[in-house]
Amino acid sequence: MSWIKDNQFNVVLGGGTLAGAVLLYFVGAHGTRKYQEAKDQFDASAAAAAGFENSPLYPTTPNRDSKRKALDEYGQAVGSMQVAFEPFRPKEIKNISPQEFTTELLSANAEVRKAFQDAGTKLPEAFFVGFESYKTSLAGKDTTGVLDYQLNSIKSILLALAKSRPSELKNLYRPAVQEEDRQTYTPPESAVARPFPLEITFVGPEKSVREFLSSITKPVNPYAVVRCLRITNEKKDPPRASDAQFDKPAAAKPAAGAAADPFGGFVLPAADDAAAGTDKSKPAPPAPKASDSSRILSQVLGNEQLRVFVRLDILEFLPAK
């Protein structure tokens with residue numbers, strides 16, 4: 001203690017110097033941390049700015065005008081599509097009485113059955129235009145509107161199938177809609193149409209398949225989209241030579257005055273003809289006709305029965321947004 005009293009100036013100077021050094025250290029460390037934070041923010045901002053400058057839509061006046069033009073054109077395209085879909089959008093789907101729906105269902109079933117009968121098409125025993133569950137029961141009063149829309153669409157598709165004259169309708173399956181299970185249908189936010197699935201399995205010649213698929217893909221009511229298509233040939237084995245049916249040539253008639261060979265061999269000319277020689281004034285016999293390869297091919301190919309499974313969606317276009 002005596003040394004501190006004797007050297008007070010040195011002690012005060014040393015303590016002040018130490019305190020100043022500690023203070024400078026903390027001030028410097030704090031400043032360095034703030035500098036590093038500011039530098040990191042600057043680097044991040046500089047990188048973002050460089051990314052914007054390299055992007056095709058950097059916020060400049062020309063890019064802004066181009067973006068507005070593109071958005072306007074997109075809006076016009078969407079509007080034109082809404083106009084194009086307008087003929088397929090039902091004006092209003094109203095519920096009718098269950099008895100009235102049953103009457104329309106029986107009428108549609110009779111019309112479709114007659115069309116298939118006239119085409120010679122075999123139908124399943126339980127066929128009822130896809131509404132087999134309503135053979136002995138009435139539809140709910142809150143479901144008749146959407147069911148009536150489905151009924152009219154399915155009837156149009158089946159009449160088109162009957163017109164193509166298939167050999168047999170194997171199956172027709174219509175999944176139940178949510179309203180039939182006492183649920184409420186809520187379309188997704190981005191949906192423009194509600195799909196009603198329908199599955200059809202039939203057998204027919206190639207011409208029938210072509211005509212039916214062409215008819216349902218035309219943009220007419222109802223608007224249907226094919227989701228799945230499977231075609232198989234009922235004839236599993238490839239065509240063989242024995243499948244061809246060639247015309248048998250008619251037996252040649254012996255010429256007048258010719259003697260028939262009793263052994264079934266060559267026909268010998270008469271003696272007068274042999275003595276007189278060949279008469280060059282008579283026309284030569286016509287050359288045999290060349291076989292029509294396309295006709296022969298048609299006797300082997302093209303008569304197969306095709307089994308077709310098609311799953312399609314009948315679309316109900318929702319009100320325009």
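Solvent-accessible surface of region 42-154, averaged per residue with a 1.4 angstrom probe and all protein chains in place: 65 square angstrom.
In terms of Cα atoms, the Rg and Dmax of region 103-201 work out to 14.6, 46 Å. Surface composition of region 6-151: carbon plus sulfur atoms hold 61% of the accessible area, using a 1.4 angstrom probe and ignoring ligands, DNA and RNA. Site pair Gln178 and Val225 shows an inter-label distance of 1.7 nm when each label is modelled 7 Å from Cα along Cα→Cβ.
Taken over the Cα atoms of region 134-178, the convex hull encloses 87 Å³ per residue. Calculated translational diffusion coefficient of region 42-139 (37 °C, 0.692 mPa s; Stokes-Einstein with Kirkwood radius over alpha-carbon pairs) equals 163 µm²/s. FRET efficiency for the pair Tyr35 and Lys321, taken as 1/(1 + (r/R0)^6) with r the Cβ-Cβ distance and R0 = 45 Å, rounds to 0.25.
Scan region 34-133 for trypsin sites (Lys or Arg not before Pro) in coil per DSSP, keeping those whose Cβ has at most 12 other Cβ atoms within 10 Å, and list them by number.
Numbers: sites: Lys34, Lys39, Arg64, Lys67, Arg68, Lys69, Lys91, Lys94, Arg113, Lys114, Lys122; in loops: Lys91, Lys94.
Taking region 34-133 and a limit of 12 other Cβ atoms within 10 Å, the loop trypsin sites (Lys or Arg not before Pro) found are Lys91, Lys94.
Taking label positions 7 Å along the Cα-Cβ direction at both Val27 and Ser97, the computed distance is 9.8 nm, reported to one decimal.
Taking region 128-204, which GluC sites (Glu not before Pro) meet the DSSP loop condition and have no more than 15 other C-beta atoms within 10 Å?
Working: sites: Glu132, Glu168, Glu179, Glu180, Glu189, Glu199; in loops: Glu189.
In loop regions of region 128-204 (DSSP not H, G, I, E or B), the sparsely surrounded GluC sites (Glu not before Pro) are Glu189.
Stretching Lys236 away from Arg68 to a fully extended chain increases their span by 54.5 nm, per 0.36 nm per residue minus the current alpha-carbon distance.
Summarising the overall dimensions of region 152-196 from its C-alpha atoms, the Rg and Dmax are 15.0, 43 angstrom.
Given a cut-off of 30 Å, name the pairs among Lys135/Lys235; Lys69/Lys218; Lys114/Lys236; Lys170/Lys218; Lys69/Lys91 whose C-alpha atoms lie farther apart than that in the structure shown. Working shown, then result.
Details: Lys135/Lys235 36 Å; Lys69/Lys218 34 Å; Lys114/Lys236 32 Å; Lys170/Lys218 24 Å; Lys69/Lys91 33 Å.
Pairs exceeding 30 Å: Lys135/Lys235; Lys69/Lys218; Lys114/Lys236; Lys69/Lys91.
The values are calculated or read from the model by the stated rules, or taken from the named source; none is laboratory data. Nothing here was measured: the structure is a model prediction, and the numbers come from that model. Neighbour counts are summed over all protein chains in view; Cβ atoms, including those assigned to glycine, are modelled from backbone coordinates with ideal geometry. Note: accessible area is taken over every heavy atom of the protein model, side chains too, but ligands, DNA and RNA are not part of it. Shrake-Rupley method; radii C 1.70, N 1.55, O 1.52, S 1.80 Å.
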